[in-house]
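The values are calculated or read from the model by the stated rules, or taken from the named source; none is laboratory data. As the structure is a prediction and not an experimental result, all values here were calculated from the model. Heads up, the Cβs are rebuilt from the backbone with ideal geometry, glycines too, and the neighbour counts pull from every protein chain shown.
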Amino acid sequence: MAEDADLKMLPLDGLHHRLGARMVAFAGYAMPIQYSGEFGGIIAEHLWTRAHAGLFDVSHMGQLLVQGPNLTAVADWLESLAPGDFKALQPHRVRYSLLLADNGGILDDLMVTNTGRNFYLVVNGATKASDIAHMQARLPAGLHLHHMDDHALLALQGPEAVVVMSGFDLTPETADQPAFADLKFMSGARWLWNGIKLGITRSGYTGEDGYEISVPAKHAEALAEALLAHAEVKPIGLGARDSLRLEAGLPLYGHDLGPETTPVEADLSFAISKRRKAEGGFPGAERVLDQLLNGAPRKRVGLAVDGRMPAREGATVWVGDRQVGVLTSGGFAPSLNVPIAMAYVEAAFSGDGTALEIEVRGKRIAATVVPMPFKQKNYVREGTKA
């Protein structure tokens, strides 16, 4: 697989091979799914991240900069594409949002950072080409969209990530940015490390405290090796990243989210800012706001699955002889030692405690609708100690 000529190589491809990674095709790239050796394996990598710090290579993601005559002009444009209140997003703050189609369907989910000078976006790897095309087609005169394809993106996730990063000699790029020690969840800025500019946000997609670090691709290996030199840090592959995000109840685009899904159906109404709920003005607003008021026909829910057999994406969900939904993610939860899943089910069967059945290999497995996240998130928010 990794030799497939059509696959792109990550900037850390050589390092992954030296670390014994098993490479798979994902989003058009050869990516590590797990590592070999005494430590390696999805469950071990998952549990290490929950207890210590895991280093993920997420350089397949799309990193974009949007620049214009002023921040207000850029925020206005972003609000024509997504339902966030970007005018109110303060410098050095990060917001989760959704790129919406004209009918309110989700084209992608993304992270938006107000850097104080421009807006920095991180979009999914599998959709970055279509996202860029969608944005460019709607880009007004005076704004510029730059794809940072010369940058890598690393994620350091886990409760000891702050210990590791606090030991780095980081020089603030500007005097008005937060001190690194004061950086809280969903905030970020730029620092210099050994003369290299790093964009660092306190964010991630594992449910753990941690950081995402944008680094010029030519310096990615030096940064990764410096992080891996710490005893708290191990390299972690895509397999554990998927089980970690599933335990945290976080949807994966192309599986739990897609253009046929609205924010309300996806249980992501929090991504529609209060002002936008009142004013509308985003793509598909009429449909989305109607669902907010009157309810959606289906909903993304969490399922606790009886027994030990994991149920996988595509399995059907039943009440008696009636199919009421379908699984979009499922697997074994190493931190909880039980199988869990996400599914879209008819609204009438989406309430917590609802008893359902999942059909797996011709057999029915009992399941119960439960609140998400399955495992408590450990973000360090404003007002909490780092």
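Evaluated against (1) part of a helix (DSSP H, G or I); (2) closer than 18 Å to residue 381 by Cβ, residue 221 falls short on exactly one condition, (2). Within segment 267-326, the set of residues being part of a loop (DSSP other than H, G, I, E, B), acidic (Asp, Glu) and free of Cβ contacts under 8 Å to residues at least 24 places away in the same chain comprises just one member, 321. Per this entry, residue 187 is counted among residues that are surrounded by 14 or more Cβ atoms within 10 Å (Cβ to Cβ) and among the hydroxyl-bearing types (Ser, Thr, Tyr). Exactly one residue out of 241, 202 is basic (Lys, Arg), crowded, with 23+ Cβ neighbours inside 10 Å and closer than 22 Å to residue 87 by Cα, and it is 202.
So which of 344, 379 ends up being of a type in the set (Phe, Trp, Tyr) and closer than 21 Å to residue 258 by Cβ?
The unique qualifying residue is 344.
Scanning segment 344-366 for residues that are of a type in the set (Gly, Ala, Ser) and out of contact with any Pro (no Cβ under 9 Å at 6 or more places or on another chain) yields 348, 350, 351, 353, 355, 362, 366.
Checking each residue in segment 304-330 for being under 15 Å from residue 249 (Cα atoms) and buried (at least 20 other Cβ atoms within 10 Å of the Cβ) picks out 305, 327, 328, 329, 330.
Among residues of segment 352-372 that are on the phi > 0 side of the Ramachandran plot, those with a Cβ under 9 angstrom from a residue that is part of a strand (DSSP E or B), sequence gap 6+ or separate chain, pair up as 353/368; 353/369; 353/370. Once segment 41-86 is narrowed to residues that are in contact with a Lys or Arg (Cβ under 9 Å, 6 or more places away or on another chain) and without any contact (Cβ under 8 Å) to a residue 24 or more places away in the chain, the residue that is nearest to residue 164 (Cα to Cα) is 44.
Does residue 16 fit the bill of being crowded, with 20+ Cβ neighbours inside 10 Å and either touching a Ser or Thr at 6+ places or on another chain (Cβ under 8 Å) or in a helix (DSSP H, G or I) (or both)? Yes, satisfied. The set of residues in segment 99-128 being without any contact (Cβ under 8 Å) to a residue 60 or more places away in the chain and within 27 Å of residue 269 (Cα to Cα) consists of 99, 110, 112, 114, 118, 119, 121. Checking each residue in segment 261-282 for being in contact with a strand residue (DSSP E or B) (Cβ under 7 Å, 6 or more places away or on another chain) and farther than 25 Å from residue 352 by Cα picks out only 282.
Of the residues 39, 26, which is surrounded by fewer than 20 Cβ atoms within 10 Å (Cβ to Cβ) and at pLDDT below 95? Steps first, answer last, please.
Values: 26 fails: at pLDDT below 95.
Just a single option satisfies the conditions, and that option is 39.
Do we find a residue being free of Cβ contacts under 8 Å to residues at least 12 places away in the same chain and out of contact with any strand residue (DSSP E or B) (no Cβ under 8 Å at 6 or more places or on another chain) anywhere in segment 240-255? Within segment 240-255 (the criterion being free of Cβ contacts under 8 Å to residues at least 12 places away in the same chain and out of contact with any strand residue (DSSP E or B) (no Cβ under 8 Å at 6 or more places or on another chain)), the answer is no, since none of the residues qualifies.
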